[in-house]
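Chemist: I am attaching a structure below and will ask some questions about it afterwards.
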Amino acid sequence: MAKKVALLQGNEACAYGALYAGCSFFGGYPITPSTEVAEVMSKELPKTGGKFIQMEDEIAAMASILGASLTGAKALTASSGPGISLKQELIGYACIAEIPCVIVNVMRGGPSTGMPTGPSQSDVMQAKWGTHGDHPAIALAPASCQEIFSETVRAFNLAEIYRMPVQVLLDEINGHMRERIEFPEPGDLEVVDRQQATVSPADYKPFDDSQGDIPPLASFGSEYRYHVTGLNKAADGFPTSKPELVDAEQRRQLRKIEANRAAIEKNEEYLIDDAEVIVVAYGTISRSARYAVDVLRKEGIKAGLFRPITLWPFPEQRMAELAGQAKAIVVPEMNLGQLILEVERVTRRVCPIEGIGRVDGEPITPAQIVAKVKEVL
Amino acid sequence: MSSPKVEIIENYCKGCSICVEFCPTNVFKMEGFVAKVVRPEACTKCMLCELRCPDFAVKVH
Amino acid sequence: MAFDYEQYLRPGKLPHIWCPGCGHGIVMKGLLRAIDTCGLEKNNTAIVSGIGCASRLPGYVDFNTLHTAHGRAAAFATGIKMAKPEMDVLVVGGDGDGVAIGGNHFIHACRRNIDMTYVLLNNYIYGMTGGQFSPCTPTWAKASTTPYGNPDPIFDVPKLAIGAGATFVARTTAFHATQIDKLIAAGLRHKGMAVIEVLDDCPTAYGRRNKFRSVVDMMKRLKEIAVPVKAAAHMTPEQLEGKVLTGILHQEERPEYCEQYQQVIARAQGA
């Protein structure tokens with residue numbers, strides 16, 4: 001049977017991906033250019049018996065999804081820069097209390113109100129560092145509408161598997177861009193549900209790491225009763241300031257990512273095997289980069305594209321390997337140099353690395369990338 | 001009828017003296033930093049000491 | 001007969017962190033008696049708090065407990081209640097947490113009339129951070145950040161709640177221990193947003209700066225200022241000067257939010 005197809009905006013594809021993943025709760029607040037995610041969820045969720053709530057502010061939207069997630073719901077919120085800045089408070093809460101949830105950031109120009117209808121990729125570092133304290137981060141940057149759908153599904157899976165918030169980074173271009181999308185049938189994409197507690201309620205500890213770094217999270221309203229706090233806590237969930245317990249907890253949270261990089265990281269490589277110039281690009285700008293690589297190849301220049309789909313954790317090992325074969329690396333991004341810092345760090349600058357930064361609300365064009373590649377060679 | 005048993009859990013008592021001050025029949029007295037039951041026979045079992053003890057330290061049986 | 005608090009307390013957590021004479025323990029006991037009176041099931045009950053002294057309450061009691069971030073309790077609680085409306089949801093917290101940093105969440109929970117019971121322990125001060133003035137610190141009172149007296153006017157929490165749309169609003173004090181559980185129980189039985197303000201004492205951060213010689217002084221003050229609403233009806237404005245009304249201050253029937261959303265679901269599903 002032919003798959004159902006539709007012409008969808010990226011933001012709409014994101015919402016349908018969330019529904020495919022089993023999302024049953026959306027808490028949001030209106031903000032350009034992310035609002036279509038909320039609009040689709042407000043229409044579709046109640047059809048499935050799910051709940052949509054428009055909260056009084058961005059922080060409350062984030063709080064509501066964490067409350068809902070604790071009852072066992074797969075929960076989503078969507079926002080953009082100014083809203084994400086507000087949500088940072090509770091992104092930290094989701095990290096320390098280890099509550100699965102998905103946060104979509106349709107990036108726009110900043111800082112502050114910036115350029116609400118202009119595209120940007122300037123929240124890449126915010127997605128990694130944007131809340132106080134050391135904390136793990138997963139952020140995915142899909143490029144096409146089809147991929148926005150499937151990466152949103154994957155974001156829910158990763159949130160549930162690693163018991164933490166996962167961010168999906170879109171931008172004003174791919175969020176609003178319309179493309180043909182094939183709806184996967186149930187079963188086509190993997191959907192991971194939350195690991196359930198198996199011990200007796202009396203023995204349940206919400207942060208018991210004796211069986212591994214990711215303890216099962218029981219649902220509020222089940223037979224498991226426990227305490228959740230934003231304070232550093234012991235295995236039983238109650239606050240502690242014992243140095244050895246605090247240290248172990250903090251390190252375990254980062255280890256959830258570090259020990260599972262292979263399972264979390266996802267990249268696309270295009271014409272990379274013999275590439276002498278590697279363009280590292282993500283999200284919308286990877287589409288310009290791909291086109292530029294084709295143009296360069298036609299001119300006999302061995303260019304290739306390395307496209308991290310998982311931005312955080314950054315694919316350190318593969319990036320370092322590729323740098324070893326390259327004469328130069330070019331990193332185009334709609335900011336004034338964010339992911340390039342990571343490229344420079346992990347490659348130890350074994351070859352020249354040049355960025356193309358653009359923050360005028362216009363996308364980086366293939367011609368810009370072609371010109372920069374010729375310049376560095 | 002036997003007189004009620006008034007109990008102070010000394011580990012819980014923080015010595016705020018609410019029970020001492022508001023007991024209508026002066027059952028309690030401060031001794032150092034904790035309340036003591038000094039006139040158990042005067043207790044009318046009004047329960048106000050237990051209700052107003054913030055520290056779960058007073059029990060009237 | 002002594003009430004068996006232990007059945008609702010997590011073992012090994014007492015003595016609690018609150019200072020000698022702090023009324024929060026009195027309110028916690030009243031809350032547990034109210035829960036018992038209403039027959040709430042432990043597994044089916046969530047108690048949510050923000051940050052501050054009062055917000056430590058959930059850690060002591062054996063329910064689904066959630067100690068969130070400063071001010072955010074009502075918003076977390078809204079998510080729990082919306083996602084699982086069959087659960088009984090309570091919020092506890094202080095004045096600064098509830099109506100300063102959490103003021104927006106507080107008024108919107110009232111507006112939605114979502115079925116939860118919010119017990120706001122108003123001790124007139126930020127206690128945990130050492131006594132800074134809150135929106136409930138009386139004008140010209142002393143706090144660590146008002147060394148010349150507090151120039152700010154106060155929020156009257158019940159008026160705020162009523163104005164924002166809460167459908168059950170009550171007030172009592174930590175001194176009136178027998179009224180605490182009765183009002184919280186009435187709030188729990190009420191369908192919709194119930195706000196119970198309990199005026200409380202903070203001997204450590206408020207009392208010693210404001211000429212209260214002891215905990216007992218503060219308790220006596222709570223006793224003196226409280227006037228039951230029925231009694232107030234027969235009093236002159238002069239007699240009511242400096243007093244606060246206690247008891248059920250407001251109660252009305254209005255559609256509850258989760259039930260309203262069930263209608264959204266029915267409409268979406270074409271019923």
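What follows is calculated from the coordinates using simple rules that are stated; it is not laboratory data. Just so we're clear, the structure is a prediction, and the values are computed from it rather than from any experiment. Positions of Cβ are generated from backbone atoms using ideal geometry, with glycine treated the same way; all protein chains shown enter the neighbour counts.
Chemist: Mean separation of Cα pairs under 8 Å and 6+ residues apart, divided by the residue count of the stretch B:6-60: what relative contact order is that in percent?
Modeler: Values: 92 pairs, mean separation 24.9, N = 55.
Contact order relative to length: 45 percent.
Chemist: If R₀ is 30 angstrom, what is the calculated FRET efficiency for the pair A:Ser112 and A:Glu258, using the beta carbon separation as r and rounding to 0.05? Can you show the working numbers first?
Modeler: Working: r = 34 Å, r/R0 = 1.12.
Using R0 = 30 Å, I get an efficiency of 0.35.
Chemist: I've got another one for you. May I ask you to sort A:Ser200, A:Ser122 by Cβ crowding, counting other Cβ atoms within 10 Å and putting the fewest first? Walk me through the numbers on the way to the answer.
Modeler: Numbers: A:Ser200 9, A:Ser122 23.
Least crowded to most crowded, the residues run A:Ser200, A:Ser122.
Chemist: Using the alpha-carbon atoms, what tilt in degrees (0 to 90, nearest 10) does helix C:103-112 show relative to the longest principal axis of chain C?
Modeler: Rounded to the nearest ten degrees, it is 40.
Chemist: What distance in nm lies between label points placed 7 Å from Cα along the C-beta direction at A:Val5 and A:Arg349?
Modeler: 4.9
Chemist: What angle do you read, to the nearest 10 degrees and between 0 and 90, between the alpha-carbon axis of helix C:257-268 and the longest principal axis of chain C?
Modeler: 20
Chemist: Taking neighbour Cβ counts within 10 Å as the exposure measure, how do A:Lys327, C:Lys81 sort from fewest upward?
Modeler: Details: A:Lys327 13, C:Lys81 28.
So the residues, fewest neighbours to most, are A:Lys327, C:Lys81.
Chemist: C:Asn44 versus C:Leu240, label points 7 Å from Cα toward the beta carbon: distance in nm?
Modeler: Taking the two extended label points, one gets 4.0 nm.
Chemist: Taking the Cα centre of the protein assembly as shown as origin, work out the dipole magnitude from +1 charges on Lys and Arg Cβ and -1 charges on Asp and Glu Cβ, in debye rounded to 20. Each step should come with its number before you reach the end.
Modeler: Working: 74 positive and 80 negative charges, 299 e Å.
Using only the charged Cβ atoms, the result is roughly 1440 debye.
Chemist: So if R0 is 45 Å, what FRET efficiency would C:Gln269 and C:Thr129 give, r being the distance between their Cβ atoms, rounded to the nearest 0.05? The partial results should precede the final answer.
Modeler: Numbers: r = 49 Å, r/R0 = 1.09.
Computed FRET efficiency for C:Gln269 and C:Thr129: 0.40.
Chemist: Another one. For chain C, find the longest principal axis of its Cα atoms and tell me its angle to the long axis of helix C:215-225, 0 to 90°, nearest 10.
Modeler: Computed tilt is about 70 degrees.
Chemist: Going by a ≥ b ≥ c, the root eigenvalues of the Cα gyration tensor, does the stretch A:5-182 fall in the rounded group (a/c under 1.5), the prolate group (a/b larger than b/c) or the oblate group? Spell out each step's value before the answer.
Modeler: Details: a/c = 1.40, a/b = 1.07, b/c = 1.31.
Verdict is rounded for the stretch A:5-182.
Chemist: Label the stretch C:1-118 by shape, choosing from rounded, prolate and oblate, from the square roots a ≥ b ≥ c of the eigenvalues of the Cα gyration tensor; if a/c is under 1.5 it is rounded, and otherwise prolate applies when a/b is larger than b/c, oblate when it is not. Numbers along the way, then the final one.
Modeler: On the way: a/c = 1.98, a/b = 1.27, b/c = 1.56.
It comes out oblate by the Cα gyration axes.
Chemist: Hey, rough spin-label estimate for B:Glu10 and A:Glu375, points 7 angstrom out along Cα→Cβ, what's it come to in nanometres?
Modeler: If labels sit at B:Glu10 and A:Glu375, their model points lie 8.2 nm apart.
Chemist: Given contacts defined as C-alpha pairs under 8 Å and at least six residues apart, what's the relative contact order of chain A, whole-number percent? Could you put the intermediate results ahead of the total?
Modeler: Values: 832 pairs, mean separation 60.5, N = 377.
Relative CO of chain A lands at 16 percent.
Chemist: On to the next question. Using the alpha-carbon centroid of each, what span in Å lies between the stretch A:26-52 and the stretch A:229-284?
Modeler: Going from one Cα centre to the other spans 29 Å.
Chemist: Looking at the protein assembly as shown, I'd like the Rg to Rh ratio, where Rg is from alpha-carbon atoms and Rh is Kirkwood's inverse mean 1/r. Don't skip to the answer; put the middle values down first.
Modeler: Working: Rg = 29.0 Å, Rh = 27.5 Å.
Reported Rg/Rh (Cα atoms, Kirkwood Rh): 1.05.
Chemist: Would you work out if chain C is rounded, prolate or oblate? Take a ≥ b ≥ c from the square roots of the eigenvalues of the alpha-carbon gyration tensor; rounded if a/c is under 1.5, else prolate when a/b is larger than b/c, oblate otherwise.
Modeler: Working: a/c = 1.61, a/b = 1.39, b/c = 1.16.
Prolate, since a/c reaches 1.5 and a/b exceeds b/c.
Chemist: Enter the Cα centre distance for the pair the stretch C:16-46 and the stretch A:137-191, rounded to the nearest angstrom.
Modeler: 44
Chemist: Given a cut-off of 31 Å, name the pairs among A:Lys256/C:Lys84; B:Lys59/C:Lys230; A:Lys74/C:Lys182 whose C-alpha atoms lie farther apart than that in the structure shown.
Modeler: Values: A:Lys256/C:Lys84 29 Å; B:Lys59/C:Lys230 33 Å; A:Lys74/C:Lys182 37 Å.
In this structure, B:Lys59/C:Lys230; A:Lys74/C:Lys182 exceed 31 Å between Cα atoms.
Chemist: With +1 on the Cβ of every Lys and Arg and -1 on the Cβ of every Asp and Glu, and nothing else charged, how large is the dipole of the stretch A:5-182 about its Cα centre, in debye rounded to the nearest 20? Don't skip to the end; give the middle numbers.
Modeler: Values: 11 positive and 18 negative charges, 52 e Å.
With Lys and Arg at +1 and Asp and Glu at -1, about 240 debye.
Chemist: Below 8 Å, C-alpha to C-alpha, sequence gap of six or more: please give me the relative contact order for the stretch C:131-226 in percent.
Modeler: Working: 141 pairs, mean separation 22.8, N = 96.
For the stretch C:131-226, the relative contact order is 24 percent.
Chemist: Fewest Cβ neighbours within 10 Å first, please rank A:Lys74, A:Lys233, B:Lys45 accordingly. Intermediate values should be presented prior to the final figure.
Modeler: Numbers: A:Lys74 26, A:Lys233 23, B:Lys45 15.
Listing A:Lys74, A:Lys233, B:Lys45 from fewest to most nearby Cβ atoms yields B:Lys45, A:Lys233, A:Lys74.
Chemist: Now, a different point. Distance cut-off 31 Å, Cα to Cα: go down the list C:Lys13/C:Lys220; C:Lys42/C:Lys223; A:Lys266/A:Lys298 and report the pairs above it. Walk me through the numbers on the way to the answer.
Modeler: Details: C:Lys13/C:Lys220 29 Å; C:Lys42/C:Lys223 33 Å; A:Lys266/A:Lys298 28 Å.
As for pairs spanning more than 31 Å Cα to Cα, those are C:Lys42/C:Lys223.
Chemist: For A:Trp129 and A:Ile301, what is the calculated FRET efficiency with R₀ set at 30 Å and r taken between the beta-carbons, to the nearest 0.05? It would help to have the intermediate numbers written out before the result.
Modeler: Working: r = 36 Å, r/R0 = 1.19.
Plugging the Cβ-Cβ distance into 1/(1 + (r/R0)^6) gives 0.25.
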